[in-house]
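As structure tokens, the structure follows; a few thoughts come after it.
The values are calculated or read from the model by the stated rules, or taken from the named source; none is laboratory data. Here the structure is a predicted model, which is why all the values come from computation and not from measurement. Don't worry about glycine lacking a Cβ; one is built from the backbone with ideal geometry, like all the others, and counts go over all protein chains shown. These area figures cover heavy atoms from the full protein model, side chains too; ligands, DNA and RNA do not enter into them. Shrake-Rupley method; radii C 1.70, N 1.55, O 1.52, S 1.80 Å.
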Amino acid sequence: MYSKAAVSLARRVVRFSVATVSAVALAAGGATAQTTGAIRGTVTDAGGNALPGVAVTATASASGADTEGVTNADGVFSFTDLAAGDYVLTATLFGYATRELQVTVRAGAIETVPIVLALAFRLDPLSVVAEEPTVFARNLVTEPMMRQQSNITAVTSVIDNLPGVSVQEGDAYAFDDWSSNVVMRGFQSTYNDAQIGTTIDGFPNGTSDYWSGSKANRFVDPMNLGGVEVSQGTADIASRSVEALGGTLNFLTADPSEAASRTASVTIGENEGERFAARIETGSLFGGTTRAWVAAIRQEATDWMEGSARNEREHLAAKVVSLRGPLVLTGYFSHDDIHEDVYQRLYSEADFRADPRWDRLIGHWPGVPYLNQFYRPGWQTRRKNTLAYLKADWSVSAPVSLSVGAYHHRLSGRGDWLPPFIVDVVDDGGGPESEIASRDPVRGGSQLGVIHFVDSNGVAVGPVPGCTSSYLFNYYGPGGPEVDPACHPGATAVQSYRHSHYGKNRLGVTIDGEWSAPFGGGRGSVLRAGIWYEDSRRDLGRDWHRILDPAINFKWDEQAYWHQYEWDFPQDIFKWYVEETLYFGPFELAGGVKQYLVSVSRADQFGIDRDLGVNSDSKLLFSGGLTYETPVEGLDLFAGYAENFRAIGSLLLEVPGRSLDRLEPETASNIDLGVRYAGERLALSATLYSIDFDNRIFYVGPQTSAGPNYLIPGGGGYFNAGGIETSGIEMAATVALSDRTSLYTAVTLNDSKYLGTDDPLADASQGIVPGADVTGVPPRLWVVSLDRDGPLRGGLSAKYTGARRVSLTADWYTDAYWTVDAYVSFGGEALSGLFRSTEFSIVANNVLDSPYLSAITENAAWLGAPRTVSMTVTVSF
């Protein structure tokens, strides 16, 4: 629960914000509504192709004040907060000649301005160097990075070649969230630990961990991706995330096009990969004020090992943008329904050396519970995610703009496992076990033991004294006579199917305001402020079902014999921020402060476990920096500092008997020093960074080399274990080799070390060695990509990943490795009068078929995917 002081502060900030917004609206609305206008346009090349990523600046002739923007995926830009008068529009894009146009803005009107850029040389639309001046490292995904991935993949895959970023996934199609990790500057987003924030068009995703969250691929499909803003180390002060210790990934959905079209694509790939996608663009509606699109996708595949997995996904999405005078309304909706059969980790280097192409799960039903637990189709995940938001951007007056948004997210799902026993939860006094008698389920309570075999009367029996197990396949170690049918003559084996039920319901609002005050003939200053409030409720439950006959098949009793727990986790998040940016000639100086007030609690729906609650309010978090536009055209220097924060989440409340009184929320401070350059044939960036990460909450999960502890509720146990210290350098460059060919390279040198707890006994008990490398974090990354544009497109990229530490308890490092990806596509005019355009593409991931270890967590590692080839046909009509 919130403290009285926190509640009082929150109320005062809300009242102040609402009062300020109301006062500004009332004061400025009537007096100035008719003195402002807007500019809207599309930037294309000489062939009429839309150019995303173009920096467009509107400079007021009277005051010299600049208003900046960047074109979206359809080449569209808009300025809606302009005072009536004359302006100079300047459009710049790496590889194209800069264009300037004179525009007169009329009060109450929208001026439509088409801009055509001539080639200086041919290069793909986006540079990896952010066009806007920023005080921290920020990179954008380029079109070749998208083309290097299969159409069946997830949106997180496309950021892998950016500097400082490592994306590890269980297969080339990224079907399995369980085995998907993102690493950035020593911070990680894994299935149990989210240290990197994620937003969708600036709206929060609701955490990214496997147990209680949803990653970006559950909200955005690659077909509808307009871009990804990757902020290493920190993020924009307004970013909505309570887990952005190491930066933020902002996934942008594509804006609707002004031209009506229909697009359909079919993808076929290895491992029975299939994808069918369609999107309808309405074009301009209602006199050109409204545009929309709607898309539908279905895809499926099996695993790449023995082909027993059933992976299926259906995705629906729609977006609408409507201009109403000074008001721009944007709405988005997505629904994602997925069924995944997951991959398993390896727990020793010896297992990888013995067979680097097998995760030890199997595709057949052995008929023995101890071996049945390795049956891949029994390791299931089912998730449904629905997200909707509505945002209004309002140009209140020439210097004042306001943005108000509201969103709703609903998650429901289930995760399954195959424990090789029945849990004994009722004392039957030596009689028949009630857990196998299809009686009403037991609600709550704790286990008395486990049952492996029963006699003909349903009474639990143990192994024959002196019996020795003869199993040859015991990946979790010797099962012993307790699980061996040969040690139980005449008895019947029993087994469970465990279901963990996940749910989340989030409702939130965002308010952002901006006030510009030109002075000294320049841009002057910009004051930004905003608030974010979210009310959410997470549901977590677990029930156990009896496998009807584990000797025959996988069918289970629909009625559970034990409802282990049913918990609700209400959470409230309130954030406020203020930032001032001053412009003095070539200098841009920014400074801001933000604070989070977070409260989470747990309520037992069975009324057995006591309710728990914890506050993790942040201190005042400061950020700021300086950008210098040097006399060399296109060359900027920047320096930035930010304090980052991750709140204590609901996962910590899952562990029975765990005291939270001494836990503290995690904090990290980030310093960036860098340089950016964008010239006619060269774009580059380099950033030095240093990060101190304090009060790290360390995780210990139920999976160990001795096998899973199926009885641990939730995801495991947590404790403060010191922190991490990270430093390094990120460098990236794009060079135009010819009019159509470009070369991109990025190098990252990173050093991430554990700081320890200052308690040698505590460190030793958890295997933490102060100064040791952080598990899962590569010290070296190097990407080289050669790409050619045109009707016949193609590209080849190679990425080096340095050796990473796997285990805290053993001296186990992965091998360094290279992966090579390639793509070829041919696009042309219609093959008949029916189609407007066609494109054929082939993508090959891991061309050299290199075996390697991929995602790392909990002292174990998943296997990297082998070579995977897919082909896509796309038609527009």
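Using Cα-Cα distances under 8 Å and only pairs 6 or more residues apart, what relative contact order does the range 210-293 have, in percent?
Details: 118 pairs, mean separation 19.3, N = 84.
The value is 23 percent.
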For Glu143, solvent-accessible area (1.4 Å; no DNA, RNA or ligand), Å² = 50 Å²
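So for the chain, averaging the separation of alpha carbon pairs under 8 Å that are six or more residues apart and normalising by length, what relative contact order in percent results? Show your work: numbers first, answer last.
On the way: 2547 pairs, mean separation 98.8, N = 877.
Over the chain, the number comes to 11 percent.
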Dipole moment magnitude, nearest 20 debye, the range 207-341 about Cα centre, only Lys, Arg, Asp, Glu C-beta charged | 820 debye
Ignoring ligands, DNA and RNA, what percent of the accessible area of the range 588-668 is carbon or sulfur (1.4 Å)?
-> 52 percent
Cα-based helix-to-principal-axis angle, 4-32 vs the chain, degrees rounded to 10 | 30 degrees
If Cys467, Cys487 are ordered by their accessible area, calculated over protein heavy atoms with a 1.4 Å probe, which sequence runs from highest to lowest?
-> Cys467, Cys487
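Report the relative contact order of the range 306-411, percent, no decimals, based on alpha-carbon pairs under 8 angstrom and at least 6 residues apart.
Averaging sequence separation for qualifying contacts and normalising by length gives 30 percent for the range 306-411.
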May I ask you to evaluate 6.51 cos²θ - 1.76 cosθ + 1.60, the Karplus curve with θ = phi - 60°, for each residue of the range 592-606 and list the ³J(HN,Hα) values in order in whole Hz, giving x for glycine and proline?
-> x, 9, 9, 8, 10, 10, 10, 9, 9, 9, 10, 10, 7, 6, 8
What's the lysine pair count for the chain at a Cα cut-off below 17 Å, pairs eight or more apart or interchain?
-> 9
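If you put +1 on each Lys and Arg Cβ and -1 on each Asp and Glu Cβ, how big is the dipole of the chain around its Cα centre, in Debye rounded to 20?
Details: 67 positive and 102 negative charges, 311 e Å.
Approximately 1500 debye in magnitude.
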To the nearest 10 square angstrom, what accessible area does Glu629 show with a 1.4 Å probe?
-> 90 Å²
Which is farthest toward the positive dipole end of the chain among Ala277, Asn644, Thr734, measuring Cα position about the Cα centre, with Cβ charges +1 (Lys, Arg) and -1 (Asp, Glu)?
-> Ala277
Match the structure shown to one of the listed values (i) 91, 75, 52; (ii) 86, 72, 60; (iii) 96, 66, 53 of Cα extents along the principal axes in Å, computed from it, and give that label.
-> (iii)
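Which order do Met305, Met145 take when ranked by solvent-accessible area (1.4 Å probe, heavy atoms of all protein chains), largest first? Please list the in-between numbers first.
Working: Met305 40, Met145 10 Å².
Listed by decreasing accessible area, they come as Met305, Met145.
Please list Arg793, Arg610, Arg542 in order of solvent-accessible area, largest first, computed with a 1.4 Å probe with all protein chains present. Before the final figure, lay out the partial values.
Details: Arg793 55, Arg610 165, Arg542 5 Å².
In descending accessible area the options line up as Arg610, Arg793, Arg542.
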Which residue, chosen from Gly429, Ala318, Ser401, occupies the Cα position most advanced towards the positive end of the dipole of the range 294-440, where the dipole is computed from +1 (Lys, Arg) and -1 (Asp, Glu) charges on Cβ about the Cα centre?
-> Ser401
Cα gyration tensor category, rounded, prolate or oblate, for the range 563-628 with a/c compared to 1.5 | prolate
